[in-house]
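Below is one structure, written out as structure tokens; the observations come after it.
Laboratory data are not the source of any read-out in this text; all were calculated from the coordinates shown. Bear in mind that the values here come from a model prediction, so they are computed numbers and not experimental data.
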Amino acid sequence: MHDSPKHHTSHTKEPPQVPQQKPLRSSGWREILSTIVVLLAALGVALFIIAFVFRSYQVDGPSMQNTLHNADKLIIWKVPRTWARVTGHPYIPKRGDIIVFTESGLSQFGQQDTKQLIKRVIGLPGDHIVLKNGAYTIYNKTHPHGFDPDKALPYGKNIPYTSGSVNITLGKDQLFVNGDNRPDSLDSRAFGPINASQVVGKLVLRVFPISQAEVF
């Protein structure tokens, strides 16, 4: 008998199954969205700071010489005014402070109707202010016999002759402001006292020219 040939079957191992990776979805739209959110947040912070904390200004004109000069770059501090609005109380700066405020009705003086001006606070609410013969005299409860702010406060050493005539008592929340360059300044001698609600902020720093940087 002939043995029938034996059939040998070989078992080949199949390669291990590699899990298929899903194609990555494009994350471009997420990156764009996150960039937009960051930019909006930065813009919001910047607007908040400008509106409520501080803002830079540039001097336009000679009315505050020789304290400030044309083109000086300044930092105006707004926090006291912001806090006053939050609490519902007026912001009353100190006598001698330099402030930025908004004044309307200036067209009669040859300027645009509404403008932001920078001046020094001379009179405070309740003061009786008299300007005569080139000098101020302020009467109030603390000084019933009157005093000259230009002589009593440090800024006055460089103040020139003050022209004009004033005799006014300030009401509640009113301020009397003057430029330091008295012969060339449009101020309360012309348009009268301002209201505390018109104040934008107080000068705290001159940043340019760098050689004249100064804290106020």
**Study point:** segment 161-177 - phi-based ³J(HN,Hα) in whole Hz, Karplus 6.51/-1.76/1.60, Gly and Pro as x
**Key:** 4, 9, 7, x, 9, 9, 8, 8, 10, 6, x, 4, 6, 9, 10, 10, 10
Practice item. Would you list, by chain and number, the aspartates and glutamates whose Cα falls below 20 Å from the Cα of LYS119, excluding same-chain residues fewer than 8 positions away? Key: ASP60, ASP72, ASP97, GLU103, ASP127, ASP148, ASP150, ASP173, ASP180, ASP184, ASP187, GLU214
